[in-house]
Amino acid sequence: MMDNGSPPAAAEPSPPTVAALFTGFLWLGLSGFGGVLPLARRLLVERRRWLSAEEFTDLLGLCQFLPGGNIINLSVAVGLKFRGTAGAVAALVGLIAAPTLVVVLLGLVYDRFQADPHIRHLFAGLAAAAAGLLLALAVKIARPLWRRPLSLLMAGGGVVAIGVLNLPLLPTLLVLAPLSILTAGRTGR
């Protein structure tokens, strides 16, 4: 075969092992306090390339619709996708083991020092940082939607309904989810 001068196509990354799922989500659990979704996207899409940006957005959308924490649902879904039940358990345990221990220890410290104004200011600063991370994630998640105007319209409708009009989450989802499925089915996306 002749070389046409173009670089060889990048090989598809192999599916993660159970151990890789555990260590990946363990790192994620240790890295993010107050919100790991931005870090999860970076890990799954950019660093490990286990998911494409579009797959991540679609999977996160499903996980947000399910009861429970989004990142917990995402860890289970990613584990199931690649290694079935063993992968789901490994990803979930990796995600929650170390943070659970850290939170218990921090709770003990906070209980003792909660009246200290420095501790109050520390938590206020952490809340601001978490809000910034969430905003950055929202922008990254919305990028694949720019090519799907109807999906972008549905996402915008959810923001307006919940964020501006203060409508309850469940009824909003019960209206927007079927509409999203219907429009995605009609457009082929």
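Rule-based calculations on the coordinates, nothing more; no lab input. Here the structure is a predicted model, which is why all the values come from computation and not from measurement. Here the Cβ positions follow ideal geometry from the backbone for every residue, glycine too, while neighbour counts run over all protein chains shown.
Under the simplified labelling scheme, the D116-R42 pair shows an inter-label distance of 2.8 nm, with each label point 7 Å from Cα along Cα→Cβ. Scoring 141-150, 164-173, 47-56, 23-32 by mean Cβ neighbours within 10 Å over their residues and listing the highest first yields 23-32, 47-56, 141-150, 164-173. So what does the Cα-only Debye profile of region 23-108 read at q = 0.11, 0.25 Å⁻¹, as log10 I(q)/I(0), no solvent term? Treating every Cα as an identical point scatterer, log10 I(q)/I(0) equals -0.27, -1.34. Across the chain, the mean sequence separation of Cα contacts (distance under 8 Å, 6 or more residues apart), normalised by length, yields a relative contact order of 22 percent. A helix-only calculation puts the chain at -24000 deg cm²/dmol for mean residue ellipticity at 222 nm, using -39500 (n - 2.57) for each DSSP H run of at least four residues, averaged over all residues.
For region 91-189, compute Rh as the Kirkwood radius over C-alpha pairs and then the Stokes-Einstein diffusion coefficient at 10 °C and 1.306 mPa s; write the answer in µm²/s, rounded to an integer. List each step's numbers first, then the result.
On the way: Rh = 17.2 Å.
Once the numbers are plugged in, D ends up at 92 µm²/s.
Matching the structure-derived P(r) over Cα pairs in 10 Å bins from 0, in percent against the labelled list (1) 10, 40, 38, 11, 0; (2) 8, 28, 31, 23, 8, 2, 1, 0; (3) 9, 37, 34, 17, 4, 0 gives the label (2). From the residues L95, V160, I71, which one has its Cα farthest along the dipole of the chain in the positive direction, the dipole being from +1 and -1 charges on Cβ of Lys/Arg and Asp/Glu about the Cα centre? It is V160, whose Cα lies furthest towards the positive end.
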